[in-house]
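The values are calculated or read from the model by the stated rules, or taken from the named source; none is laboratory data. Being a predicted model, the structure only gives us computed values, none of them experimental. Virtual Cβ from ideal backbone geometry, glycine too; neighbours counted across all protein chains shown. To get the accessible areas, we keep the full protein, side chains included, count just its heavy atoms, and leave off ligands, DNA and RNA. Shrake-Rupley method; radii C 1.70, N 1.55, O 1.52, S 1.80 Å.
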Amino acid sequence: MTLTEFEHDVLLAIYHSDFQDGLKGIDTIGNAVWSGYEYGIFPKLVKGNHQYSAVMGSLVKKGYVHEMGNDCICITQEGYNELFPPKQPEEL
């Protein structure tokens, strides 16, 4: 599945969130971060709670983000792979 520009930007914002507590790379997979639009961690391209909810719902439906409780989300392995595709053997 391909990402829209908004989905890509939100997924990157989750990956780079200050709530990752310094984690990078595969360590971000499954690490819960605050999900609310009001926390201001998402790109300015996503305007308003309605648009944020639509983008987040799409990412969850595609399996790129997992909801953890009422206020937290995390990047899934699939979401990480979409952002950082694994290298194919011929690319190594």
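Looking only at residues in the range 43-56 that are open to solvent by less than 60 Å² (accessible area, probe 1.4 Å) and touching a Phe, Trp or Tyr at 6+ places or on another chain (Cβ under 6 Å), the one that is modelled with the lowest pLDDT is 46. Among the residues of the range 79-87, some residue qualifies, meaning at least one is exposed (fewer than 14 other Cβ atoms within 10 Å of the Cβ), modelled with pLDDT under 90 and not in a helix (DSSP H, G or I).
Just the residues that are at pLDDT 80 or above and either exposed (fewer than 11 other Cβ atoms within 10 Å of the Cβ) or more than 12 Å from the chain's Cα centre (by Cα) (or both), please, taken from the range 57-78. Don't jump to the end; show me each part of the working.
Taking the range 57-78 and keeping what is at pLDDT 80 or above, we get 57-69, 71-78.
Correct list: 61, 68, 69, 71.
Applying the criterion of being among the β-branched types (Val, Ile, Thr), under 15 Å from residue 59 (Cα atoms) and in contact with a helix residue (DSSP H, G or I) (Cβ under 7 Å, 6 or more places away or on another chain) to the residues of the range 1-32, the residue that is modelled with the highest pLDDT is 29.
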